[in-house]
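The values are calculated or read from the model by the stated rules, or taken from the named source; none is laboratory data. Since this is a predicted model, take the numbers as computed values, not measurements. Methodologically, a virtual Cβ is constructed for each residue, glycine included, from the backbone with ideal geometry; neighbour enumeration extends over all protein chains shown. SASA here: full protein model, heavy atoms, side chains in, ligands and nucleic acids out. Shrake-Rupley method; radii C 1.70, N 1.55, O 1.52, S 1.80 Å.
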Amino acid sequence: MNIPFLGNLLDLPAGVTRPTWVVLDVTGTYPERQPTQPLAALLNKADTIEALSAKAEKLAEADWLHGVLVRIHEFAAAPATAHAVREILRRLSEKKRTVAYVPQLTMTSLIVASGAREIAAPESADVLLGGFALETTFMGAFLKKHGIEFENLRIREYKAALTRFSQDHMDDANREQLAAYVSGLEAAWAADLAQGRGVSEAEALAWLGAGLTSAQGAAEAGLIDKVAYEDELIGPGTRPLAAVLDLLMPKKPSDPKAGRVAVVPVVGGIVTGKSKNNPLPLPLLGGPMAGADTVVAALKHAREDRATKAIVVYVNSGGGSALASDLIWREIATSEKPVVVIMGEYAASGGYYLATHADKIVASPYTLTGSIGVVSGKPVTQEFNQRQGFRPERVGRDRALMYSPSRPYTDEERAHIEKGIEEVYGRFISRVAEGRDLSQERVDELGRGRIWSGHDALELGLVDELGDLHRGLELARELADLPADAPTWNATPKKQGPFPEFVEEAAQAAQVGVWPFGRERVLTWLDQDVKVR
């Protein structure tokens, strides 16, 4: 941070040997932890929740520090991450005076700011409190116009993973579930703001319909405490965090003999094989992918590590391969060590499947979860091929080319696939019923592909409590009878292969598929194009 008027530590007022206030910047996207893959870790420049939490803990223990000014600017993370940052600030606020400075009063920045004791904004602050909403573009008519049809076989009416490709509009079931999800997010937002601002949830929710347009109006409504520019909040004893790092006490190392907690991430689409990252922004195929081989190997490493007494699985995934999800589920279900699953922005479909038999499931109130359903299908390019002069020719059994996009399914093939997805759905229902101690009939009512917010999932019994990674680690330590400060480590597969791991990873990143079906007959998958605004 470059604030010229702050000076340096040698310019402190007479009689003051250490800063009385520190400026903490909160900006960016904040992934939960440093990537475990070497190449991703090398390229990652973003601050993490893990690092921010460590900084806040050191500030809380600094006996010379009076308060912390939290500058929340260009905050680009999802609501679930905003809630995790909020909790970091809330814990800091228990020991230090905290003031959040928020130039842009947005839905997510206010979630973060509500963790501070006070909130201030400049007179010129942007006030963007439109509530939560989402928008999905349906491409069915566009694709059909260009000769591409879409086979979409799903269980059941709420399973909307492929509808944006197969339909030209949002159907009633999808609209119903998305409206309920957004409503759940706003209820969670009202709960956070009410708790932080000392008002009722009804009063907090009313701020969204109050038509606030200025910082002054926000102050009069009680949403913020004061209208002030940053220089009005900073005194001569204030310094940026970077200037005081040497003054912060290093954390006392924990006794390694007492045991530790392993953290295993499941981030991105769940696929068979090894984890990889496709940097290309391709629909369904871009971004990180959690490979079952990699995740299972990391879980095995944690189970075999003698010092590890409990395992935390951090899930930020909309699911994917039914096979891969089941393989990860099996490793969690058979663990002799306690396992706690923490849900991030997404833990839906296959991302929920793998969690069902964990000892505890913790979700953010903003998590998109559920989507207990199954989907299969393919694009059909028959008419497109005819228009463009492409002529696929077949030799051998038609069944072997069933997933080829060159023709639609036959009635017999469609019946065959529908039987398969019914079997997977039945297994999914059984996993949830057994793991969550619910009847299969009740799980089917909650399932049918429907998504839920973490706020609603708690009431429905799909998760055990609301919280974040910090709370998940607390639970894991409690289940394993570990001390509260027991260390954590990022579990990865044991080193394998003759090539350096980062070389193997770079090669995997270059492999791009053309469609998630074909190798996978059935997906327990949520189309992750569900972004709230």
Verdict on Gly426 being surrounded by 14 or more Cβ atoms within 10 Å (Cβ to Cβ), of a type in the set (Gly, Ala, Ser) and part of a helix (DSSP H, G or I)
yes
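Per-residue answers, yes or no, for (1) open to solvent by less than 20 Å² (accessible area, probe 1.4 Å); (2) out of contact with any helix residue (DSSP H, G or I) (no Cβ under 8 Å at 6 or more places or on another chain); (3) not charged (D, E, K, R):
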| site | (1), (2), (3) |
| --- | --- |
| Phe150 | no, no, yes |
| Tyr158 | yes, no, yes |
| Met170 | no, no, yes |
| Leu178 | yes, yes, yes |
| Ala187 | no, no, yes |
| Gln195 | no, yes, yes |
| Gly198 | no, yes, yes |
| Glu203 | no, no, no |
The condition of being at pLDDT 95 or above, within 24 Å of Leu475 (Cα to Cα) and buried (at least 24 other Cβ atoms within 10 Å of the Cβ) holds, among Val296, Val313, only for Val313
Scanning region 338-371 residue by residue, those closer than 19 Å to Arg86 by Cβ, touching a helix residue (DSSP H, G or I) at 6+ places or on another chain (Cβ under 6 Å) and part of a strand (DSSP E or B) turn out to be Ile342, Gly344, Glu345, Val362, Ala363
Condition set part of a strand (DSSP E or B) and hydrophobic (A, V, I, L, M, F, W, C), scope region 300-314, selection nearest to Arg471 (Cα to Cα): answer is Val312
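For every residue, the table says whether it meets (1) more than 27 Å from Gly184 (Cβ to Cβ); (2) hydroxyl-bearing (Ser, Thr, Tyr).
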{"position": "Arg97", "(1), (2)": "yes, no"}
{"position": "Tyr101", "(1), (2)": "yes, yes"}
{"position": "Met107", "(1), (2)": "no, no"}
{"position": "Ser114", "(1), (2)": "no, yes"}
{"position": "Arg117", "(1), (2)": "yes, no"}
{"position": "Leu128", "(1), (2)": "no, no"}
{"position": "Phe132", "(1), (2)": "no, no"}
{"position": "Glu135", "(1), (2)": "no, no"}
{"position": "Lys144", "(1), (2)": "yes, no"}
field: Test for Ala56: is it of a type outside the set (Lys, Arg), touching a residue at least 40 places away in the same chain (Cβ under 8 Å) and over 22 Å from Lys226 (Cβ atoms)
entry: no
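So is Arg86 closer than 26 Å to Arg471 by Cα and either open to solvent by 30 Å² or more (accessible area, probe 1.4 Å) or assigned to a strand (DSSP E or B) (or both) or not?
So Arg86 does not fit the description; no.
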Of the candidates Ala133, Ala120, the one satisfying the condition of being of a type in the set (Gly, Ala, Ser) and either open to solvent by 30 Å² or more (accessible area, probe 1.4 Å) or within 23 Å of the chain's Cα centre (by Cα) (or both) is Ala133
Return yes when Pro408 is outside any helix (DSSP H, G or I) and without any contact (Cβ under 8 Å) to a residue 24 or more places away in the chain and no when it is not. no
From the option list Asp485, Asp398, Asp411, single residue qualifying as modelled with pLDDT under 95 and over 30 Å from Gly259 (Cβ atoms) is Asp398
So the helices (runs of 4 or more DSSP H) completely within region 113-220 holding 1 or more residues that are in contact (Cβ under 8 Å) with a residue 60 or more places away in the chain, of a type in the set (Asp, Glu) and under 19 Å from Ala100 (Cα atoms) are 172-197
When His66 is run through (1) closer than 28 Å to Leu193 by Cβ; (2) modelled with pLDDT under 95; (3) open to solvent by 50 Å² or more (accessible area, probe 1.4 Å); (4) not charged (D, E, K, R), the failure sits at (2)
Fill in: Selection status of Ala228, modelled with pLDDT of 95 or more and open to solvent by 70 Å² or more (accessible area, probe 1.4 Å)
no
Report yes if some residue within region 242-261 is within 27 Å of the chain's Cα centre (by Cα) and small (Gly, Ala, Ser); otherwise report no. no
Before we move on, is Ala297 in contact (Cβ under 8 Å) with a residue 24 or more places away in the chain and either outside any helix (DSSP H, G or I) or among the β-branched types (Val, Ile, Thr) (or both)? no
Yes or no: region 366-380 includes at least one residue that is open to solvent by 50 Å² or more (accessible area, probe 1.4 Å) and either out of contact with any strand residue (DSSP E or B) (no Cβ under 6 Å at 6 or more places or on another chain) or in contact (Cβ under 8 Å) with a residue 60 or more places away in the chain (or both). no
Of the listed residues (Tyr181, Tyr229), the one being under 30 Å from Ala14 (Cβ atoms) and among the aromatic types (Phe, Trp, Tyr) is Tyr229
